[in-house]
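Step one of this worksheet: look at the structure below.
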Amino acid sequence: MDILESIILGAVQGLTEFLPVSSSGHLQLAKELLGVNIDENLTFDVALHAATVLSTIVVLWHEIWWLVKGIFTRGMNDEKRYFLKLVISMIPIGIVGFMLKDHINAMLGSSYIMIIVGAMLLLTAALLSFAYYARPRQKSTISYRDSFIIGLSQAVASMPGLSRSGTTIATGLLLGNEKAAVATFSFLMVLAPILGESLLEVMDGGMAIEGISTSALVAGFVSAFVVGCLACKYMINIVKRGKLIWFAIYCAVVGIVAITSYFI
């Protein structure tokens, strides 16, 4: 992989991590189109995900600082309750990460990955459509129960092609939570799992990637970070305006194209 290809893949990751169109699915599609073949797919993907985590921290810095200050004060408060809800939401993805990591990595390198990606993109389209047309009573505060259910949806979204942000936001909206609250919660709840995955890769000595130079990896990281900062701000505004149906249509079209490409 050269630097230009890495930059393109980083931009794809940064853009689609926050848009409800599946970053993992589009990353696989981009690799197929560019003819990129990396032995350690998951390791490279984790590096790009770490870049988007950093962009999330930059964009949502005020919310994160609000949590940090509240956590280190005495007594129970809104900040600690919110933090506990984030922890609860992370439990399912933590279990999936430890138990199914190798299976997911093997799936990414399988010959039928385009069928999986296409099917999951169609499922993403269905979820976004349900969330768009559903009109549940909107709750101002995400409950502990809803936090866990949204966390379950994040764990299911480990499947390549199933949008993490799209699945968690759609789930939160279907549960009756306010749009802005769901979008912020969705982006914050992924911070610890991705940082934890990145740390485990480093501890296992898995960050040495065959087929890509250090300069190309850095270029991809920077690209994902810069584009991610822009996409994070953009997506929060999109969710507030409730324009998810256009992303549903897009996911349906790309899903059909991905499945069709496997048989051509």
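Laboratory data are not the source of any read-out in this text; all were calculated from the coordinates shown. Remember, it's a predicted structure, so these values are computed and weren't measured experimentally. FYI the Cβ positions are ideal-geometry reconstructions off the backbone, even for glycines, and counts take in every protein chain you see.
Rounded to the nearest 10 degrees, what's the angle between the helix 179-188 long axis and the longest principal axis of the chain, both from Cα atoms, 0 to 90?
60
Please identify, among Asp102, Asp45, Asp146, the residue showing maximal mean-square fluctuation in a Gaussian network model of the chain using a 10 angstrom Cα cutoff.
The residue that fluctuates most here is Asp102.
Which entries in Lys85/Lys240; Lys31/Lys69; Lys80/Lys240; Lys139/Lys243; Lys31/Lys243; Lys31/Lys139 show an alpha-carbon gap greater than 31 Å? Could the numbers behind the result be given before it?
Details: Lys85/Lys240 22 Å; Lys31/Lys69 42 Å; Lys80/Lys240 25 Å; Lys139/Lys243 19 Å; Lys31/Lys243 29 Å; Lys31/Lys139 41 Å.
Violating the 31 Å limit, Cα to Cα: Lys31/Lys69; Lys31/Lys139.
Determine, for each peptide in 224-234, 166-176, the mean count of other beta carbons within 10 angstrom over its residues, then list the peptides with the highest first.
Details: 224-234: 20.9, 166-176: 24.3.
Taking the mean over residues of other Cβ atoms within 10 Å, the ranking is 166-176, 224-234.
Starting with the fewest neighbours, write out Thr73, Thr56, Thr184 ranked by other beta-carbon atoms found within 10 Å of each beta-carbon. Intermediate values should be presented prior to the final figure.
Values: Thr73 10, Thr56 22, Thr184 17.
So the residues, fewest neighbours to most, are Thr73, Thr184, Thr56.
Among (1) 0.97; (2) 1.05; (3) 0.92, find the value of Cα Rg over 2.2 N^0.38 Å that was calculated from the structure presented, and write down its label.
Computing Cα Rg over 2.2 N^0.38 Å and matching it to (1) 0.97; (2) 1.05; (3) 0.92 gives (1).
Can you compute the modelled spin-label distance between Ser213 and Lys101, with each label point 7 Å from Cα toward Cβ, in nm?
Going from the Ser213 label point to the Lys101 one covers 3.0 nm.
As an exercise, use a Förster radius of 22 Å and the Cβ-Cβ distance of Thr141 and Ile245 to find the FRET efficiency, rounded to the nearest 0.05. All intermediate terms of the calculation are to be shown ahead of the outcome.
Values: r = 26 Å, r/R0 = 1.19.
For Thr141 and Ile245, the calculated efficiency is 0.25.
Report, in deg cm²/dmol and to the nearest 500, the calculated mean residue ellipticity at 222 nm for the chain, where each DSSP H run with n ≥ 4 adds -39500 (n - 2.57) and the sum is divided by the residue count. Don't skip to the end; give the middle numbers.
On the way: 12 runs with 202 residues, N = 264.
Counting only the DSSP helices, I get -25500 deg cm²/dmol.
Can you give the angle from 0 to 90° between the axis of helix 23-34 and the longest principal axis of the chain, with both taken from C-alpha atoms, to the nearest 10?
It is inclined by approximately 20 degrees.
Using Cβ contacts closer than 10 Å as the measure, can you line up Arg241, Arg164 from fewest to most? Let's see the in-between values first.
Numbers: Arg241 8, Arg164 30.
Taking fewest neighbouring Cβ atoms as first place, the list is Arg241, Arg164.
Could you list which residues have their amide H under 5 Å from that of Gly161, counting only those 5 or more apart in sequence or on another chain, with H placed in the peptide plane?
Ser24, Gly25
Give, in nm to one decimal, the length gained when the segment between Glu32 and Ile264 is fully stretched (0.36 nm per residue of separation minus the Cα-Cα distance). Let's see the in-between values first.
Details: separation 232, 0.36 × 232 = 83.52 nm, distance 1.36 nm.
Full extension of this stretch gives 82.2 nm more.
From the backbone phi of region 81-98, what are the Karplus-calculated ³J(HN,Hα) couplings (6.51 cos²θ - 1.76 cosθ + 1.60, θ = phi - 60°) in whole Hz, Gly and Pro given as x?
Rounded to whole hertz, the list is 5, 5, 4, 4, 5, 5, 4, 4, 5, 7, 4, x, 5, x, 5, 4, x, 6.
In degrees from 0 to 90, rounded to the nearest 10, what is the angle of the helix 214-241 Cα long axis to the longest principal axis of the chain?
The angle comes out at about 40 degrees.
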